[in-house]
Every structure is written in structure tokens, then in C-alpha cells.
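Worksheet for the structure shown next.
Just so it is clear, none of the values below were taken in a lab; they were calculated from the coordinates. All figures in this text were calculated on a predicted structure; none of them were measured in a lab. With ideal geometry, Cβ positions are generated from the backbone for all residues, glycine too; neighbour counts draw on all protein chains shown.
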Amino acid sequence: CSKSVHSCDCCSYTEKTTMADVVFIVDTSTSITQENFQKVKNFLSSLVSSLDIGLDAVRVGLVQYSDKAYQVFLLNQYLLKNGALEQIGNLPYRGGETYTGRALDFVSTNYFTESAGSRAKGYVPQLAILITSGEASDEVEQPAKKLRYRGISIYVVGIGIQNTTELQQIASKPFRKYLYSVGSFDDLPDVRSCPCTCLCSSATVADIVFLVDESSKIGSKNFQLIRAFLLKVVNALDIAPSNVRVGLVLYSNEPRLEFTLDTFKDKLEILNYLKNLPYRGGQPYTGLAIEFLRNKVFTQEAGSRKKQGVQQIAVVITDGQSLDDYTEPASKLRRESITVYAVGIKNITEGSKLDKIATYPPRNHVTTLKFFLQLSNIAWKIKKQLCNEIVTKTFVVPLQSQSLKKGKKYA
């Protein structure tokens, strides 16, 4: 069940798009020689270098362990990448027994807490990444289960371990996403693009429909920029029939359904379709288009999984002008538990009702631009918003509800 590093198919383009709290748990026991420990440090530096570390981006913490766990730095200690990398470079080799279970308990108690910088209460994804090369000297299943029960995703990188049963007791499921087994320390560079850069696909289930203004005021050149923007955003999503489904509607005088939520089964099909997306022009009727979304696209017949509890998201891209009223249609859409993002371009004024389209609060759901060229710059922001929306609704919230029902089973 372990994953071959050479078939690692991770979304490296999400490395600069999401918020997450990531704690590295590094084995420094005698199962790792001093020479190999340097390779682990190089691997760790490479992983951390690939992340967008910051106060409102990715936070990282680090624990070393052998006979006992050693606190290196907490999630709120380094909000700049350089400080964390310097600490990793100075990491000492310790030796000793491999008490992995003890280390997992230590992380649960001392790292994934608000005082240590965890943002779990703000629905930020919580990730633990264990790097080990030896069988544990203690029991690991219960400590790992406690972490997972709290909503913490556990990635495991096992080095030179033939029997992966113990690693499977630790890692989150599915193993193809969370468990990486390499033959030797020299194989570590091949796996560095895997665990950390898949933050967006930790728990991605959503139905997302893009509603795009293609009226004459947009123009064909600007429409090409919109097309490029859609390609970037869709490319960052975990597209699959049981994960993220995507639909697209273009509109001017009337809405034009390009594809429904269940038209395409994989990402490549959608990307190929978007590359050839035609532009037609016409007059902007945003209200009519939003009403069309509600009545014809967010429906079971069109592939919506709303009745199964899957979250529904609409992303409206417009130049902010419309020949009809869109306030009431947008209100009806939101009342049906559809989260609405609005990307407004060019003609945005204080009188514009873009915030009347989007879900409250506007600061989280409305993005305004002066020029179409800025679309490429804010693609990361939209990806980040969608990513956080998906992970929060499908992973963190259900787990919190579950823990409320069952009480403090794992205090």
C-alpha cells in the first residue's frame, strides 16, 4: 500500500496558495546514521523552502525525537522562512531508541494548540509530517488515532522500512496520498514534491460553478485573460467525480451553459475544453445568468451533489455592469446554501452592487481589479479562497461536529 515516489502525482502548484499549519516530526534515532541524517536535513530544507511561510499563509513547526521528543520550534516561532531554514541547518544528531508513539503524543499536546500557534479554531488545515527510518520502540496506533480524530492529517515518509504495517497504523487514508515509502536516503529528493504540496487535496469535495461575463464590453483580448485565469484556478483543484466537480456558464444577453458539474470526469478534459473556449460578445444580463445558475446548474440533474451534503460554490466573474438587477437573484442563490465569490473587473464603483452578489463578509468573498491583466496576479488568491473553503467545509467542520456529539473522547 505504500506509494512509489516515482508515481507521485501531487499538486505542486498549490504550494503558494493555501493556509496550513504543518508540523514536521523527524526521527533522529540510531536507526539513522549521522551521514544519512544530513540527507534528512537537506530533504527537510527542500520541503520548507517550497512552502509559502507567513503569518497568514503556511506556518511550520519542528520536532526531533529518539528516546524522547525534542521541541525545535513551534508553529508561531518563525513567520519568515529564513529563520526556520537556519534552525533546520543547525539540527543536531542525537541517536537513541525510536519512540515514535511518544513523539506523536508530544506533538498533540505541545504543538497543535492555540498557544503554540495552531489555527485549528479558524478552520486552517492541520498537517503532521512524520519522517522515520526505523520501527518504533513503542505503540503508535493509539497516539496516531488521537491526532487523526482531532482532524490532523498525518503524512508519513518511511525510509528503508520493509514492513509498512506500522506506517499504515500512523498515516491518514487513503495511503496513496498520505504514505510514502522510499528504499534509501538517496531516494528522498524524489519525494519532496509530494506531502507538503498537496495541501489543497487533503480533503477536497465540492461542486464549483464559474459564471463568466462574455459581453461586448469585455472584448476578445480580455476574454483570453479570463480564459487563462480559469485554467490556472481549475488546474489547482482536485478534479474527480467523487472529489471536486466543476461547471461553467458564460453569459451576455442570455446564459450559455458550457458544461455541467457531471460533464467531465477528469481535469485534463476540462483544461482542453477551456483552451478552446469561444468568445461571443453581447449585452450583460447578470441577474438572468445568476437565476439560470440556481434553476438549471445547481441541480441534481446537472450533477450537483447538494442533497448528499456536498458544498456548493459559485464564482462570478464580471466587469460589474449589468442591464438587469442581480441583487434579488443573488440573494436567492445564497439562500440555497451556495457560497458565492465575486471577481469584479474594471467598472467597479461604490455604487456597484458586487458585494450584493457575494456571500458575507465581502472581504472574504469579493475581489476587485482595475484591469483584466491583474487576473493572473489574483489567481493565487482565488485558489487559496476556494482551497480553504473546501478544506474547511469538508474536513474541519464535520470533525468538530463529530467531537461535539461524542464528547471529549480524546482530551
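Odds and ends about this structure:
- Anisotropy class of the range 5-200 from Cα gyration tensor, a/c 1.5 cut: rounded
- Amide H contacts of ALA20: VAL58, ARG59, each under 5 Å away and 5 or more positions distant or on a separate chain (H built 1.01 Å from N in the peptide plane; Pro and chain starts excluded).
- Packing-based order for 245-251, 82-88, using average beta carbon neighbours within 10 Å, highest first: 245-251, 82-88
- Per-pair calculated FRET efficiency, R0 = 25 Å: GLN308 and SER331 via Cβ, rounded to 0.05: 0.50
- Global geometry of the range 68-163, whether rounded, prolate or oblate, following the gyration tensor of its Cα atoms and the 1.5 cut on a/c: oblate
- Positive-end extreme of charge dipole, the range 5-200 - chosen from THR165, THR33, VAL60 (charges on Cβ): VAL60
- Residues in the range 236-262 reached by a label modelled at ASP324 [backbone nitrogen below 18 Å; 7 Å Cα→Cβ]: 249-258
- Whole-Hz Karplus values for the range 87-101 come out as 4, 4, x, 8, 4, x, 7, 10, x, x, 7, 9, 9, 5, x Hz, taken residue by residue from phi with 6.51 cos²θ - 1.76 cosθ + 1.60 and θ = phi - 60°; glycine and proline positions read x.
- Dipole magnitude for the range 242-355: computed about the Cα centre from +1 point charges on Lys and Arg Cβ and -1 point charges on Asp and Glu Cβ, it is near 400 debye.
- Point-charge dipole on Cβ atoms (K/R +1, D/E -1) for the range 5-200, about Cα centre, debye to 20: 540
- Spin-label pair ASN295-ASN110: with each label point 7 Å from Cα along the Cα-Cβ axis, the two points sit 6.2 nm from one another.
- Using a Förster distance of 45 Å, the FRET efficiency for THR165-LYS221 (Cβ separation, nearest 0.05): 0.20
- Here the Karplus relation 6.51 cos²θ - 1.76 cosθ + 1.60, evaluated at θ = phi - 60°, turns the backbone of the range 250-257 into coupling constants of 9, 8, 8, 4, 8, x, 10, 6 Hz, with x for every Gly and Pro.
- Here the extension length gained between ARG150 and THR30 equals 40.1 nm, from 0.36 nm per residue of separation less the Cα-Cα distance.
- Percent of beta bridges antiparallel (DSSP, the range 14-72, rounded to nearest 5): 25
- Per-residue ³J(HN,Hα) for the range 106-112, Karplus 6.51 cos²θ - 1.76 cosθ + 1.60, θ = phi - 60°, Hz, x for Gly and Pro: 4, 5, 4, 7, 10, 10, 8
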